[in-house]
Structures are given as C-alpha cells and as structure tokens.
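Comments concern the structure below.
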Amino acid sequence: MTDITTDLSQDKSFWGHPKGLGYIVFTEAWERFSFYGMQALLVLYMAGHLFKPEFAEKVLGFGAFRSAVEGVFGPLSVQALASQVFGLYVGMIYLMPVLGGLIGDRLTGRKAAVAAGAILMAIGHFMMAFEAAFLFALLLIILGCGLLKGNLAAQVGSLYAKTDSRRDQGYSLYCMAINIGVFVSPLVCGTLGELYGWHYGFGAAGIGMVIGTLVYLRGAKYLPDDAKRIKGEPAAKLQKGDGLAIFATLLMLLITSLYWVAQSQVWNTYAIWARDRLDRNFLGFEIPVTWFQSLDGLAVLVLTPVAIAYWKWQAKKRTEPVELVKVAMGCGVFALACGLLTIGELIAGGGKVWLIWPVVFHFICAWGYLYAGPVTLAAISRSAPAPVNAMMLGAYYLSIFVGGVASGWLGRFYEHMTPGHFWLMHGAIVAAGAVILMVFRKPLARAMRLDVAA
C-alpha cells in the first residue's frame, strides 16, 4: 500500500501545510465553539439555576446522581456541587479519548470514529436545551468527545513524516483553532445564555457542532485512509523500547496534570470569582461573566504567531528549548499568572478587583499554554509508537482528566479561603509541575526518544 503520509507531507497548500490540516483546523474550531460555548455557561447554569432545589427535582435521575457524588466527596453546597460536577464532567471528557483513540486505532479507523463522535456531541448539545435531559446530555457529549478528540489530534500528526519540522507548527495551528472556538463561543453562546436564556446559549452550541461535523465530512478525502490498513493488513506490533517510551510518556502526563489543575479552574470556580469579585462595570455596561473566559482564546490567538515566529528565530540560532523544557516553562509562566490574581485581590482589599487584572492574567496564561499544550501534543505524536499513536494522543487528555477532577475537588475550598489564597494555592500547584519536569527532564526525554536538553 502507498504511504499516504509521505504523499501528504509534500502538500503545502494550507499555509505551507497539507490541505487536510485546513479541514481539521476548521472542524476543531467549530467543535471547540460548541464545547466551550456550553462549558462557559455550565458552572453558572448549575450554581445559579439548575441545582437549586426548585429546579433540580425536574432533572431526571438527579437525586440518585447527587447521592452518588456526595457518597464519594462528602456533603456539598450548591456551589461546591456545581464545581465538583463540572470537574467530573471535564475529567470524563478528557478520559474518554483514551478509549476513543484505541477504538480509532484498532476497530473503526480514525475517520469513522471522529464522524460518530461529532454526531453524538451535536445531539448532546441540543439536549442541553431541556432541563430534564441534563445528565443524559452530558453523557452523550462525553462519549462523543471521547471518539472525536484523540482521533482528530492523531490525524494532525499523520499528515507529516516523523522528521518533518512542520509538525510542531501544525499542532500550534491546531491548538490555535481550539482557541478560536474558546474566544468566540463565550461571546456568542455566553451572551445568549446570560442575557436571553440559558437554552439559547446551549442551542447555539449545538448549531456549531453540526457545522463542525459537516466541515469534517467534506474534508475527509484529504486525510490518511487508515480504515483500509485496518481491514487489509495485519495490525502493527510494538517494538523493543516502545514499552519504556509509553511508560515515560504517561509519567510526563501525570506531572503535567498539575498544570491542568490550575488551567481547568479558569472554566470552573473562576466564573464564580469573576461574577462576585470583579468590578465588571465598563462605561455603564456590566460585562457578562463569560466574556472574561473568551479572553483566554483571544490571548492565544494573538500570541500564537508570536510564539511560532519566536521559536523559528530560536531554531535558526540553535537556542530553541527542547520539548520538555518548553512544557516546564509553560507551567512556570502559568504559576506567575495565578500569582497576579492574588496580587489583584491584595490591592483590592475588601473591594472589587479591577478589570486590568483578569486581562493581564489571561494573556500571561496564554503564553504559558502555548508552551505547555501544543508542545506536549507534538512531543507525544513524535514519541508514541505507531501501533498505539492515536491511543497515546488520547492519553494526553488523561492529564486533563486528573487536573479537571482535582480542580473540581479544590473548588469546595473557595467558600472557605480568601480568593487571594485560593489562587495562590493553584499557583503553587502548577509551579510544582515546572520544578518536577526540570529535575527529571533528561531521563524522561531519553526514555521518550526525544532530544535531551543540556
């Protein structure tokens, strides 16, 4: 069979990258529009509306669900329950791609897995418009995202040869698409949900998912046809050294979960903090809470070309840090961002926090994300053995699973700590990830068969 990856790697029709990357990028942008549009509203919706006693009784299965959650995590207030449920939801969203990647690698092929996942997510988003179906809607979104995420990310790597230097840039463009969705969706879905009704916001998210599905189906012919390999050829086997590389990758992901503890909180308790602690009045207009979360995506969009140009300049001078050092730097930068929120609280005293602090916070977070997020994906894509490449890219989301569940658990302390101490705690957690990565970067890089930093 012809090596389609070799053919595609010669294609430079999408900003110097294979044409298939363009369809993946636009699919991911619309998928993230739907996902983050709903997510921007989720904690506010649960804490401010759905989980209140007069509404919660209308949700099918809610009593048994709450009992199960509190059986594990203890009695929870409405706000703490909303934070914990959000953490569990995000955790499961990023756990399922491991199974979804395995299904794509070994059973259905990546194209079929992505298409099925997109359809399930679209149905789930539309079901969010009905309060009674809330838990079932979350379940469909979780299952759909599991099929879509690991397989779509793996298809980015399959467009490039192992030695193609454009791979890191390709994943940066992929992550930029994520942040287009992150930026736009709170402005659209968040505004509709906060100002006109929750279900308008959720419905807009569903429409975005339908568009993403259609884009992917239209561009599928430009992607590697792995389904033919699965049907017509024996499955590839792991080689000597692959087991160590897999173990080292999982260990790296466990360390980077400390980064995602803090990052996940931006979409969790941060919404409650912004609602209650920020002076959101600007020229007589009260800024919706979800607009602050859109800054996360805007900042990444602004800084992505800067980061790519900076890395190219460093590469020419042979001073570009290797992958694990970049990830450690991203953790360190994010820790500084959390520290800024603490400083903002100290300056505010008992009053409201100025708008400048969240703006600066999100731009510093974005620089840290560009070093931690896409670089980790590229490292896994380069290191993971071919027979389990999609599964290992799905395993990338294990770190977000751990971080999401942990952030939900930590959310309960927001009611018992000062906001400044709450953010300082998260800064310390992500800073620990930076230190651990720097200490163990050389043995990890060797085991993962990556370049080793001096």
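A few points about this structure:
- Neighbours by Cβ (under 6 Å, 6+ apart or cross-chain): first from the stretch 288-300, modelled with pLDDT of 85 or more; second of a type in the set (Ser, Thr, Tyr) and surrounded by fewer than 24 Cβ atoms within 10 Å (Cβ to Cβ): Pro288/Thr191
- Residue list for the stretch 128-137, filter: among the aliphatic types (A, V, I, L, M) and crowded, with 20+ Cβ neighbours inside 10 Å: Met128, Ala137
- Test: residue in the stretch 141-159 that is closer than 19 Å to Tyr23 by Cα and touching a His at 6+ places or on another chain (Cβ under 8 Å): yes
- For the criterion of being under 24 Å from the mean Cα position of the chain (by Cα), free of Cβ contacts under 8 Å to residues at least 24 places away in the same chain and surrounded by 15 or more Cβ atoms within 10 Å (Cβ to Cβ), Val69 passes.
- Against the list (1) surrounded by fewer than 24 Cβ atoms within 10 Å (Cβ to Cβ); (2) under 21 Å from Val289 (Cβ atoms); (3) in contact (Cβ under 8 Å) with a residue 60 or more places away in the chain; (4) not hydroxyl-bearing (Ser, Thr, Tyr), the condition Ile364 fails is (3).
- Considering the stretch 339-356, the residues that are surrounded by fewer than 13 Cβ atoms within 10 Å (Cβ to Cβ) and over 20 Å from Phe282 (Cβ atoms) include one that is modelled with the highest pLDDT, namely Leu346.
- In the stretch 264-311, the residues that are surrounded by fewer than 24 Cβ atoms within 10 Å (Cβ to Cβ) and closer than 19 Å to Ser172 by Cβ: Leu298, Leu301, Val302, Leu303, Thr304, Pro305, Val306, Ala307, Ile308, Ala309, Tyr310, Trp311
- Residue check for Cys175: crowded, with 21+ Cβ neighbours inside 10 Å and modelled with pLDDT under 85: yes
- Checked against the criterion of being more than 26 Å from Met209 (Cα to Cα) and among the β-branched types (Val, Ile, Thr), the stretch 58-77 contains one or more residues that satisfy it.
- Test for Leu76: is it over 21 Å from the mean Cα position of the chain (by Cα), modelled with pLDDT of 90 or more and not in a helix (DSSP H, G or I): yes
- Qualifying residue in the stretch 286-302 (condition: farther than 28 Å from Leu44 by Cβ, out of contact with any Gly (no Cβ under 6 Å at 6 or more places or on another chain) and of a type in the set (A, V, I, L, M, F, W, C)): no
Here is a yes/no grid of residues against (1) part of a loop (DSSP other than H, G, I, E, B); (2) out of contact with any Gly (no Cβ under 6 Å at 6 or more places or on another chain); (3) within 24 Å of Gly297 (Cβ to Cβ); (4) not acidic (Asp, Glu):
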{"position": "Leu340", "(1), (2), (3), (4)": "no, yes, yes, yes"}
{"position": "Leu370", "(1), (2), (3), (4)": "no, yes, yes, yes"}
{"position": "Val375", "(1), (2), (3), (4)": "no, yes, yes, yes"}
{"position": "Pro387", "(1), (2), (3), (4)": "no, yes, no, yes"}
{"position": "Leu393", "(1), (2), (3), (4)": "no, no, yes, yes"}
{"position": "Gly420", "(1), (2), (3), (4)": "no, yes, no, yes"}
{"position": "Leu424", "(1), (2), (3), (4)": "no, yes, no, yes"}
{"position": "Ala434", "(1), (2), (3), (4)": "no, no, yes, yes"}
{"position": "Ala445", "(1), (2), (3), (4)": "no, yes, no, yes"}
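- Taken over the stretch 179-209, the criterion of being of a type in the set (Val, Ile, Thr) and crowded, with 24+ Cβ neighbours inside 10 Å is satisfied by Val182 alone.
- Subset of the stretch 72-84 that is surrounded by fewer than 24 Cβ atoms within 10 Å (Cβ to Cβ) and not small (Gly, Ala, Ser) - its residue that is farthest from Ala154 (Cα to Cα): Pro75
- Just one residue in the set Ala40, Ala29 is closer than 19 Å to Gly297 by Cα, in a helix (DSSP H, G or I) and touching a Cys at 6+ places or on another chain (Cβ under 7 Å); that residue is Ala40.
The values are calculated or read from the model by the stated rules, or taken from the named source; none is laboratory data. Keep in mind that this is a model prediction, so the values were computed, not measured. FYI the Cβ positions are ideal-geometry reconstructions off the backbone, even for glycines, and counts take in every protein chain you see.
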